[in-house]
1. When you scan segment 247-260, do you find a residue that is part of a helix (DSSP H, G or I), at pLDDT 65 or above and surrounded by 15 or more Cβ atoms within 10 Å (Cβ to Cβ), even just one?
2. Counting only residues that are under 36 Å from the mean Cα position of the chain (by Cα) and among the basic types (Lys, Arg), which one in segment 262-280 is surrounded by the fewest Cβ atoms within 10 Å (Cβ to Cβ)?
3. Return the residues of segment 79-91 that are hydrophobic (A, V, I, L, M, F, W, C) and in contact (Cβ under 8 Å) with a residue 60 or more places away in the chain; say none if nothing qualifies.
4. Among the residues in segment 335-343, are any part of a helix (DSSP H, G or I), crowded, with 17+ Cβ neighbours inside 10 Å and among the small types (Gly, Ala, Ser)?
5. Kindly provide the set of residues from segment 373-403 that are surrounded by fewer than 16 Cβ atoms within 10 Å (Cβ to Cβ), hydrophobic (A, V, I, L, M, F, W, C) and touching a residue at least 12 places away in the same chain (Cβ under 8 Å), ordered by number.
Amino acid sequence: MSHPGALATLARLRWLSIAGQALAIAGVPVLLPLHLPWAPMAAGVAALLAFNLWARRRADGASAAAVLGHLAVDIAVLAWQLCWSGGPANPFVSLFIVPIALATSLLPARGVLATATLAVLAYSLLWLGHEPLPHVHGEFDLHLLGMWLNFLLTAAVLAFFGTRIAAELARQRAALAAERERGARDEGLMAVATLAAGAAHALNTPLATLSVLLSDLRDGVAGLDRDALQEDLALMAAQVDACRGAVGQLVSDARAEPGAVPPSRLDSRLGEALARWQLLRPGFEARLDVAADAAALPVVADRSFDYLVLNLLDNAADASRSAGSERVGLRARRRGDELALAFLDDGPGLAGAPAQFRSDKPGGLGLGFALATRVCEQFGGALAPVPGGVEATLSVARLGQGA
């Protein structure tokens, strides 16, 4: 982990260091009567210049190891310059603090510790051998002047780097806030899309029934007796009511506040969903089997849970009808922190997940399986084929919290 522009920032600061050292080597002998070994000090500036030119041509990323390597070079060159100009007596010795300060913003804790260790080691080695500063007599104290210049330089470097880090942190915070807002918006849109897909799927079943009934009436209305006609008309009226109910439920769900769904027992919620499904698919025999340890589980899930049950019951009914059967089953079992809902049929079973938004059933929208998969993911579970049907696993905790 490191700052994205760490190496570029270090390179810019190094150019300032190179310019300052070169100016000192060229100007101090003119302004002050100091006689220092300028040749090895100029070699240190040349080495730093060569390293910065080399670093510019490198395409390495700003990894923690790369940043630590750059700081180590800066510490080594600074120690070299101080060794030839007074060692620990040089007022600029406190510049060893700058690499440590930079490391706190650029490196993880271990990298900061390594940088501090290198700086302390370099400072300590100056005591073992260095070129002493000559004593200058005059109206001012050279050491105090050096301390003032050192403070000025350190303050400028830290202020420059600190403002860059603050600006980058502000940019990252703004980007993070925008990402959170975008995530919340996308989540809301996904919830609406899930409800809309469920309503579309719920509407499609009664509309298909109405289409069949109307076709029968159109083909044989003359030969129907009054009782048969009344029975078909009653069924048509029930399907129309189901369509109106699906639309009304969609509007109600859209207006409902988050967390507005009252808690209910799992067996009651599944029983209500199954009863509603049987109104939409008359003629099917549906079996509900809820284990004792799962019956009382609290369910606060929104309407998407009901759409999951209705859609998978529809798939089971279609699979059974393709095998000449009119029977489906719904089995609920608890497995630790998960609830397993098995939708059983008398058909061939599910060989694999169908392509999303495509259906091989006449009049199918291709929404059922896609919606069921999305709802399972919303409640921390998955959808998978099992012998005799398909099984949806859901998180018990998420069902009880409304996801």
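1. Taking segment 247-260 first, the residues part of a helix (DSSP H, G or I) are 247-255.
Next, only the ones that are at pLDDT 65 or above stay: none.
No, segment 247-260 contains no residue that is part of a helix (DSSP H, G or I), at pLDDT 65 or above and surrounded by 15 or more Cβ atoms within 10 Å (Cβ to Cβ).
2. The extreme case among them is Arg265.
3. Taking segment 79-91 and keeping what is hydrophobic (A, V, I, L, M, F, W, C), we get 79-80, 82-84, 89.
None - no residue of segment 79-91 is hydrophobic (A, V, I, L, M, F, W, C) and in contact (Cβ under 8 Å) with a residue 60 or more places away in the chain, so the list stays empty.
4. No - not one qualifying residue is present in segment 335-343.
5. Hits for segment 373-403 are Val386, Ala397.
Table: residues versus (1) modelled with pLDDT under 70; (2) loosely packed, with under 14 Cβ neighbours inside 10 Å; (3) on the phi < 0 side of the Ramachandran plot; (4) in contact with a Cys (Cβ under 9 Å, 6 or more places away or on another chain).
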position	(1), (2), (3), (4)
Ser105	no, no, yes, no
Leu121	no, yes, yes, no
Asp141	yes, yes, yes, no
Ala174	no, yes, yes, no
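Table: residues versus (1) closer than 15 Å to Arg14 by Cα; (2) in a helix (DSSP H, G or I); (3) not aliphatic (A, V, I, L, M).
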{"residue": "Ala72", "(1), (2), (3)": "yes, yes, no"}
{"residue": "Ser85", "(1), (2), (3)": "no, no, yes"}
{"residue": "Pro88", "(1), (2), (3)": "no, yes, yes"}
{"residue": "Ser94", "(1), (2), (3)": "no, yes, yes"}
{"residue": "Val98", "(1), (2), (3)": "yes, yes, no"}
{"residue": "Leu102", "(1), (2), (3)": "yes, yes, no"}
{"residue": "Ser105", "(1), (2), (3)": "no, yes, yes"}
{"residue": "Ala114", "(1), (2), (3)": "no, yes, no"}
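The values are calculated or read from the model by the stated rules, or taken from the named source; none is laboratory data. All figures in this text were calculated on a predicted structure; none of them were measured in a lab. Quick reminder, even Gly has a Cβ in these numbers, built from the backbone with ideal geometry, and neighbours come from all protein chains shown.
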